[in-house]
Amino acid sequence: MSQLQARFFTENKKYAIDDVPFSIPAASEVADLSNVINKLLEARIADHKHVEFDFLVRGQFLRSSLASHMDTENISTEEVVEIEYVQKFTAPQPEECIMHDDWISSVEADSEWILTGSYDKTARIWSLEGKAVMTMAGHTDVVKDVAWVKRDGLSSLLLTASLDQTVLLWEWNSEQNKVKARHCCRGHAGSVDTIVVDPSRTKFCSGSWDKMLKIWSAVPTEEEDEVEEPNRPRKKQKTEQLGLTRTPLMTLSGHNEAVSAVLWTDAEELCSASWDHTIRLWDVETGEQKSMLTGSKVFNCISYSPLCRRLASGSTDRHVRLWDPRSKDGSLVLLSLTSHTGWVTAVRWSPSNQHQLVSGSFDNIVKLWDIRSCKAPLYDLAAHEDRVLCADWTDSGLILSGGADNKLYTYRYSAYVSDAGA
Amino acid sequence: LTSEGETVMEHLGQIEIMDVELGYSLQPVSLIALLPHAHFLLHSLSPSSCLAMCSQDIRNTVGNIPMEWYKDYPHIGYDLDGKKIFKPIRTKDELDEFLDKMENPDYWRTVHNKMTGTDLRLSDEQVDLVHRLQQGKFGDVNFNEYEPAIDFFSSEVMIHPVTNRPEDKRSFIPSLIEKEKVGKLVHAIKMGWIKPRRPKETAPKYYDLWAQEDLNTVLGRHKMHIPAPKMRLPGHEESYNPPPEYLLTEEEKLAWEQQDPEDRRVSFLPQKYSCLRAVPAFSRFIHERFERCLDLYLCPRQRKMRVNVNPEDLIPKLPKPKDLQPFPTTQSLVYRGHTSLVRSISVSPSGQWLVSGSDDCTVRFWEVSTARCLKTVEVSGAVKSVAWSPNPAVCLVAISYGETIVLLNPGLGDKFICSATDQLISSYEEPEESKEQSVQWTIAEGSDHEHGQRLILKHPKAVRQVTWHGKGDYLACVMPDDNSSLQVVIHQVSKRRTQNPFRKSKGMVQCVSFHPIRPYFFVATQRYVRVYNLIKQELTKKLMANCKWISSMAVHPGGDNVICGSYDCRLAWFDLDLSTKPYKMLRHHKKALRGVAYHKHYPLFASGSDDGSVIVCHGMVYNDLLQNPLIVPVKVLKGHTITHDLGVLDVAFHPSQPWVFSSGADGTVRLFT
């Protein structure tokens, strides 16, 4: 059996071993290498407990035997191979399954509460344990997106966007468990499909089927904005509506088709994805389009990771594509992650790990990816029985996904200790 | 005696000379004439008789004269002394002569010497000599006329000269004559009378005409060689023993003879012979050769170009489907909910909603992107046709079931538009003079109104298809009936008016369609598509579909192309600018076509069939009128299960994306992207 010269290294000081090349069998796989490292660590540290490791060769996860991996990656077996090892990501542990009355269109969770929007025209707040805390019924049509604005103490602000062309700003007192619609944001002429709150938590942006992006203030006030269109028959609606009417601060137009997703890349920059096959970057100050990335398919969702500065997009094909939004030359797909078999409807970067993202698709599967292994996902979370419509990933390591089977699944994902240090 | 002896010596000398003469000139015939000389010769040769002869010999001096002159004289001449020489006395008469001839054995060798008048008997040697002379041989026996010749002056140089003559003086002194001649030439050259010889022209008289010729032209010339026309091979008629059916009957022979030679089918009469031996010479040989020469001379000197083409090259090069993207390739969403076959689908102009009408008496409204059924409207009959108004400023869907058309406001999309639509409908004022119409317009009330129904149109017959005009005000509906003039009616929604555009039935109407831009109206009957001008109210065109029963029709958004699907598995593409016949017939489906559709923006069209498949084709229509549409089938989309022998019933394209919807007999609507 042929041998390879390999040098192991890690960024985690806890599991560091001597920086000397080892001769290892070329046919060894991940488990074999992991045993080697554990043996070395046992020799080094007295009270070492067995740890499963994962191995990276030139930034790619080792998924087959070392020899075949190096053969496919065209790495010479003559030289000393640098192998990085990291603690193996443990599989996400399913925690809760929260039943809804209808399809779950959107989910957003923070460290304590889960906010979901549903096709039964309501938005709900759940505790992490899956207990229904609050139901916000005010929309006259399907709730398409939800977002937390702010949580200071007991009162929280949250937003719900709906097919009825409005966005509602709610104030929720968690102690008294009372909710009140503070503002009704009117102005869109189509269903509001996506909302996102800016990093300063004072503004939010909404994208709609009417091809417009609108920026609104997220600060609740006691005054009602002036309505520009006096000839619009509003009498009837006023009696129906909840909260005070709010009008947009700014309207960004440029998309040729419906806007499907929007996000803030930083405080000054907005990124929107649309059915016109483009992702556009907007300057919020001037309201002008800065650059455009052109794809070939309708975009369903986008997500941006400030850690790795990459944009992940899901479109009406099987691929999750990674983009560099800073690139000026239009469409530059850095990587495409292909394993889904249906439209990718939700994609979310890990808030803590720059390599990981989660994607949900119409093939009923949520996949956890590491972009260092783009051929296959790390884990398939195949719990849903119908199409996955939304997914989220909280800072505390909770992965959530909701779908057309009326179920919201939560998974606990233990980010390993080393990652927090790194 | 001495004197005589002297004379003998003289005579002998004379004879010698004469002998030499005789050797060259004597002819056998003239022997007798020469006999006198021979007499001398005999004398000289026979020494025994020589003395006797010499004693008698008198030299006659008369010379060579005819001796007849002395016939009457006693003498025969004169001797040297001039004395008469007398004739010897002849005692022999004729009888003696005869007797002598008979008796004398030497008579034959006895000769008469006229000079002396005596008879001489020739000796054996003399006779032999006479014989030799007569044979042309030399008189001397010992003379060899064929002695070996010695070639003195041969081409070989001998060591000894033939002559020993010294060389002439002139052979080693310069010649004066030559000097004179050379001097003249030198003078002439000096004076310029003689010019130096012109150099020979270097240009060759003969050269290779084809030396510079290209090999290709040589080959080309060889290729251009026209072979002589081949002669017809003889058939049975030409046989010497033809089968009896080739032989002409009497009447035929008569007819053949009466025909002009150039009219005759055969230029000869077939004839039968018992054997090849009996066949006569070919009488028409010259004639036939002449005709052959005429054929060669008059044969067309034109090259028949044989087209040597690979049959594969004749197939037009179609671009690969890969290069024609985008087009739908995979099934993405299934819209489930209907419990019976879905007859008709329509997509809202914004592309957000989809409406489907089914045999389970419901109309469902779907969100395209999630396959969510947002609304279900129940009606009192199987829904045959649904159509979303193409006008984006109103929100209306026309639904036909039974004999009714319902205009329905689904309340989807922009709320403002929905309410404006409601207002528009409710603000209608009844005109004063209301005409009696074949169709009854009523306003929906009660629960129907709550479900979104706004206007209900009651027709006298079952409505099969509804279709909107591009502006969204006119609505055409089809009530198929074989022999009724009321098959197609056009409603105007804003005025709630109904028109019956056709007075005469031209066959059972299958479907109708408005032209997207111009005021034309397409009416498809079973076999033809008629194009009417609505303003001039006349028939503009009649398209022959070449198929048995048209099932569906779609008009290209440009308006110049129409596709027709038929129940006999064919799809006909008409280019209205080209002809009334189909520009192309596509036979890709295995079973009857039920629905065809064009995409609004992308060069795509789709057809759905009973075999459960949707075939998407790339159908590029160029603005350039010279370029014909490019039609490439790109994808077969399968997904629908075949239920009750029915597969796909309707197809529709998304207005902005390259997506196609199909509704099937299995109760589902499917989206292919």
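Each value in this text was obtained by applying a stated rule to the coordinates, not by laboratory testing. This structure is a prediction, so every number in the text was calculated from the model and none was measured. As a convention, Cβ positions derive from the backbone with ideal geometry for all residues, glycine included, and neighbour counts pool all protein chains shown.
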Check: What average count of beta carbons from other chains do you get within 10 Å of the Cβ of residues in B:414-423?
Finding: 3
Note to self: What number do you get for the range B:579-664 when its Cα radius of gyration is normalised by 2.2 N^0.38 Å, N = residues?
What the structure shows: 1.13
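Which order, highest average first, do A:56-66, B:409-419 follow once you tally other Cβ atoms within 10 Å for each residue and take the mean per peptide?
Working: A:56-66: 17.0, B:409-419: 20.1.
Going by the mean number of other Cβ atoms within 10 Å, highest first, we get B:409-419, A:56-66.
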Checklist line | Unit charges on C-beta of K, R, D, E only; dipole of chain B, Debye | finding: 6260 debye
Item checked: Volume of the Cα convex hull of the range A:3-87, divided per residue and given in Å³ -> 81 Å³
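How do the peptides B:424-431, B:556-563, B:590-597, B:312-319 rank, highest first, by the average count of neighbouring beta carbon atoms within 10 Å per residue? It would help to have the intermediate numbers written out before the result.
Working: B:424-431: 10.9, B:556-563: 20.1, B:590-597: 22.5, B:312-319: 8.2.
In descending order of packing, they fall as B:590-597, B:556-563, B:424-431, B:312-319.
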Check: Which distance in nm do the two modelled labels at residue B:216 and residue B:257 give, with both placed 7 Å along the Cα-to-Cβ direction?
Finding: 6.4 nm
Notebook entry, point to check: For helix A:30-44, what angle does its Cα long axis make with the longest principal axis of chain A, in degrees from 0 to 90 and rounded to 10?
Noted result: 70 degrees
Next item on the list: Would you mind getting the Kirkwood hydrodynamic radius of the range A:124-233 from its Cα pairs, rounded to one decimal in Å?
Entry: 14.5 Å
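Let me confirm one metric for peptide B:344-353, namely the mean number of other chain beta-carbon atoms within 10 Å of its residues' beta-carbons.
Values: counts 0, 0, 0, 0, 0, 0, 6, 4, 7, 0.
Across B:344-353, the average partner-chain Cβ count within 10 Å equals 2.
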Check: Picking from B:519, A:294, B:371, whose Cα lies most toward the positive end of the charge dipole for the protein assembly as shown (charges on Cβ: Lys, Arg +1; Asp, Glu -1)?
Finding: B:519
Notebook entry, point to check: All other residues with a Cβ under 15 Å from the Cβ of residue A:97 taken together, and with Lys, Arg as +1 and Asp, Glu as -1, what is their net charge?
Noted result: -3
Note to self: Let me spell out the model: positive unit charges on the Cβ of Lys and Arg, negative unit charges on the Cβ of Asp and Glu, origin at the Cα centre of the range B:130-226. What dipole size does that give, in debye rounded to 20?
What the structure shows: 860 debye
Next item on the list: Rank B:227, B:166, B:254 by how far each Cα sits towards the positive end of the charge dipole of the range B:120-267 (+1 on Lys, Arg Cβ; -1 on Asp, Glu Cβ) and give me just the farthest.
Entry: B:166
Next item on the list: State log₁₀ I(q)/I(0) for the protein assembly as shown at q = 0.04, 0.05, 0.07, 0.09 Å⁻¹ as given by the Debye formula over alpha-carbon point scatterers of equal weight, solvent excluded.
Entry: -0.47, -0.58, -0.86, -1.10
Next item on the list: Would you kindly work out the equivalent ellipsoid of chain A from its C-alpha gyration tensor and give its semi-axes, the square roots of five times the eigenvalues, largest first in whole Å?
Entry: 45, 23, 18
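For the range B:377-491, what is the convex hull volume of the alpha-carbon atoms per residue, in Å³? Display every interim value, and only then the final one.
Values: hull volume 12.5 nm³, N = 115.
For the range B:377-491, the hull spanned by Cα atoms encloses 109 Å³ per residue.
Report, as a whole number in µm² per second, the diffusion coefficient that Stokes-Einstein gives for chain B at 20 °C and 1.002 mPa s using the Kirkwood radius over alpha carbon pairs. Working shown, then result.
Details: Rh = 39.8 Å.
Once the numbers are plugged in, D ends up at 54 µm²/s.
At 10 °C and a viscosity of 1.306 mPa s, what translational diffusion coefficient does Stokes-Einstein give for the range A:268-332, taking Rh as the Kirkwood radius over Cα pairs? Give it in µm²/s as a whole number.
On the way: Rh = 11.9 Å.
Rounded to a whole number, D works out at 134 µm²/s.
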Note to self: Loop only by DSSP, 16 or fewer other Cβ within 10 Å of the Cβ. Give me the GluC sites (Glu not before Pro) in the range A:88-142 that pass, ordered by residue number.
What the structure shows: A:112, A:129
Notebook entry, point to check: residue A:107: net charge of surrounding residues, Cβ under 13 Å, Lys/Arg +1, Asp/Glu -1, itself excluded?
Noted result: -1
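Could you put B:620, A:136, A:70 in order, starting from the residue whose Cβ has the fewest other Cβ atoms within 10 Å? Walk me through the numbers on the way to the answer.
Numbers: B:620 15, A:136 23, A:70 19.
Listed from fewest to most nearby Cβ atoms, that is B:620, A:70, A:136.
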Notebook entry, point to check: Once Lys and Arg get +1 and Asp and Glu get -1 on their Cβ, which of B:632, B:425, B:574 lies farthest toward the positive end of the dipole of the protein assembly as shown?
Noted result: B:425
Check: Given a cut-off of under 8 Å on Cα pairs at least six residues apart, what relative contact order in percent is computed for chain B?
Finding: 8 percent
Item checked: Cα-derived Rg to Rh of the range B:426-524, Kirkwood definition -> 0.98
Checklist line | Taking only Cα atoms of the range B:491-567, radius of gyration then Dmax in Å | finding: 12.7, 39
Check: Peptide B:326-337: average number of partner chain Cβ atoms within 10 Å per residue?
Finding: 2
Check: Per 10 Å bin, what is the whole-percent P(r) computed from every C-alpha pair distance within the range A:185-226?
Finding: 28, 50, 22
Item checked: Cα principal axis extents for the range B:106-227, largest first, Å -> 104, 71, 39
